[in-house]
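Before any comments, here is the structure.
Please treat every number below as a calculation from the coordinates, not as lab data. A quick note: this is a predicted structure, and the numbers were derived from the prediction, not measured. Glycine gets a Cβ as well: all are built from the backbone with ideal geometry, and neighbour counts include every protein chain shown.
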Amino acid sequence: MPRPRQLPDDAVAIPDARPADGAERGLGDFSATPALLRLTAVAVAIGAAVAGVALVLLDLIGLISNLAYAGRWSTALTAPDPHVLGPASALVPVAGGLAVGLMARFGSERIRGHGIPEAMETILLRGSRMEPRLALLKPLSSAISIGSGGPFGAEGPIIVTGGAVGSIAGQLLHLTAAERRSLLVAGAAGGMTAVFGTPVAAVLLAVELLLFEWRPRSLVPVALASAAAEAVREALARGGLVHPAPLFPLHAVAAMSATALPGAVAIGLACGALAWAMTRCVYAAEDAFARLPLHWCWWPALGGAVVGLGGLLDPRVLGAGYGTIRAELAGQLAVGALAALLLCKLVVWAVALGSNTSGGILAPLLMLGAALGGLLGALLPGADGGTWALLGLAAAMAGVMRSPLTSVVFALELTRQVSVLPALLLACAVAHLASVLALKRSILTEKIARRGYHVNREYEVDPLQALFVRDVMHADPLTLDPRMTAGELHAQLPEGSAARRQRLYPLLGADGRLDGVVAWSDVLAARAEHDASAPLATLAHMPVVVHPDETLRAAADRMLASGHGVLPVVARDERRRLLGLVSQFDLLAAHQRVLVEERHRERPLSPRRLPAIGALLPARGGS
């Protein structure tokens, strides 16, 4: 069979336009079926349930923290205060790390880490199936870790916990792995919404990090689950049970002038560097722990010792630190305090996370980004320190997690300061750019890469969905008479002939219609069995076929389902009228268009080709 058509060097091949018939007009922009309604209803229930679970987790963190540091029974989420116990408070994170390590050793090793990489791995490699025990062990271990002073946030653990609830629901129902993924991510988004009160940012986080697709079957259930979680959160906030949104309210911020926008670029570049430093520090600490002659279950206790010492130096590094973030955004911390917080928090957090204890990264990176923004804001004109801290908060998230859209909307929902939107967008885009140029992988995907897998986070339109079978099929294949024998065919196709590469040969009857196909492997088998005189009709079988107006994606799916690499193309109105063959190599022609668009550089317009300006102006005539 001839090779797929080569594209010209100076242009991208575009199929000739043809009038669309009924089959082509039936293709839609999105694929959705009525089953999506049932999936969405389940997702809404999951979002509401996970909101309750998330708020229970916050109460549990507050309870453990109050018991460990103050000896009182209270679920108020207050910052750990090491002054009550004095130097003995340094032992509290050690005890918490020891408990987490033992829970991971004898409960589930999957409670280790900060949650989001584990969720990504479950989606990509495990068919979105989480163990039911994770729904209990992950929030409990995280509550112990954070409540005992661990410098983490609750968002990563609740993403895993919410995902476990969604996955368990999906495993109890008769669903595909893709549908289970939608429920898993719906639970994760519902948990993030309940913790921060940011439903739109939670949906964007799902799109940029967890869904790995843009389809109604994933976006709609996740969006409605997040909305349901927000409704539950608002109801509880009215009852005084949770902090009302926004979580970090700011005074009215004036719109930043154009002269202040270069400062946003500086914040973005600095946060890109911060993303590099955070990622390097975490995995340097992890590598250092791996070289210790100790079982990994003891690592969290050692990391807890560093946390305890850091808490004695600066108590603000302990716990989730939501109060400290509010102080940073309000501009209440002096430059010296911001510098000490930035350095101490980075070291303590990196060592603790490198010990593979249980805890999230979002709250720490918000604190570090706000501290860096506040420090640079002391040198930048055009805004107050709190506004620069807000830009640093969002840009750090964009650089570390590589989710710039989520970061912009997250900062807006946390503070409700729409006036800084252009500066936020600029800072987050620059931080994202600096991060992707400086680091091959983010702090999230590096964890997965170290386990031997690769995550590609670039979304693009599938070229197999853009072309039809008729655009790449071989329209003039070699066809055979069913009465020909296997020996005659073998003699007519010598080694190295172009027709030998066809591999599949259609048999046409006296009426010119397709009677079946015979594979070259069948011909070789007949000769090996000394049956070369057998007519090809006895070796033939009726194949799986495709139609010329079907997409290449449909052809590829049919090839995989049937196990055949070549399929006959027949007319839709006359199923036995052969139009050609399409092979797996022909499908590569679709990807060839992508390669040309990615690699071929050209200049379609040049100054020489542009018409003179005078020719474009209307002629000036007389009266």
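Report, to one decimal in Å, the Kirkwood hydrodynamic radius for segment 363-466 based on all distinct Cα pairs.
With all distinct Cα pairs of segment 363-466 included, I get 14.7 Å.
Give me the aspartates and glutamates in straight-line cross-link reach of residue 138: C-alpha distance below 13 Å, same-chain residues under 8 apart excluded.
109, 118, 155
Based on alpha-carbon positions alone, could you give the equivalent ellipsoid semi-axes of segment 149-239 from the gyration tensor, as √(5λ), descending, whole Å?
After scaling each eigenvalue by five and taking roots: 21, 15, 13 Å.
Count the net charge of all other residues whose Cβ sits under 15 Å from the Cβ of residue 385, scoring Lys and Arg as +1 and Asp and Glu as -1.
With Lys, Arg at +1 and Asp, Glu at -1, the net is -1.
For segment 271-350 and segment 144-194, compute the distance between their C-alpha centroids and round to whole Å.
What the calculation gives is 25 Å, centre to centre.
By the scheme Lys and Arg +1, Asp and Glu -1, what is the net charge of all other residues having a beta-carbon under 12 Å from that of residue 236?
Once all neighbours under 12 Å are counted, the net charge is -1.
On a 0 to 90 degree scale, rounded to 10, what angle separates helix 421-438 from the longest Cα axis of the chain?
Once rounded, one gets 70 degrees.
Cβ under 11 Å from residue 168's Cβ, residue 168 left aside: what net charge do those residues give with Lys, Arg +1 and Asp, Glu -1?
Summing Lys/Arg as +1 and Asp/Glu as -1 gives +2.
Report the relative contact order of the chain, percent, no decimals, based on alpha-carbon pairs under 8 angstrom and at least 6 residues apart.
Normalised by residue count, the contact order of the chain is 16 percent.
Using every Cα-Cα pair within segment 463-599, state what percent have a distance larger than 28 Å.
That tail contains 21 percent of the Cα-Cα pairs.
With point charges of +1 on the Cβ of Lys and Arg and -1 on the Cβ of Asp and Glu, referenced to the Cα centre of the chain, which listed residue (273, 41, 168) lies farthest in the positive direction of the dipole?
273
Dipole size in debye (nearest 20) for segment 258-449 around its Cα centre, Lys and Arg Cβ +1, Asp and Glu Cβ -1?
Its charge dipole is roughly 240 debye.
Suppose a student asked you for the relative contact order of segment 433-520, using Cα pairs under 8 Å spaced at least 6 residues apart; what percent would you report?
It rounds to 19 percent for segment 433-520.
On a 0 to 90° scale, report how tilted helix 552-562 is relative to the longest principal axis of the chain, with both axes built from alpha carbons and the result rounded to the nearest 10.
Helix 552-562 and the main axis of the chain meet at about 80 degrees.
Taking Cα atoms, how many degrees apart are the long axis of helix 216-238 and the longest axis of the chain, rounded to 10 and kept between 0 and 90?
20
If you line up the Cα atoms of segment 35-238 on their principal axes, what length do they span on each, largest first, in Å?
Projected onto the principal axes, the Cα atoms of segment 35-238 cover 58, 40, 26 Å.
Volume per residue, Å³, of the convex hull around the alpha-carbon atoms of segment 258-449?
Cα convex hull per residue, to the nearest whole number: 104 Å³.
Where does the chain land on Rg(C-alpha)/(2.2 N^0.38 Å)?
So the chain has a normalised radius of gyration of 1.22.
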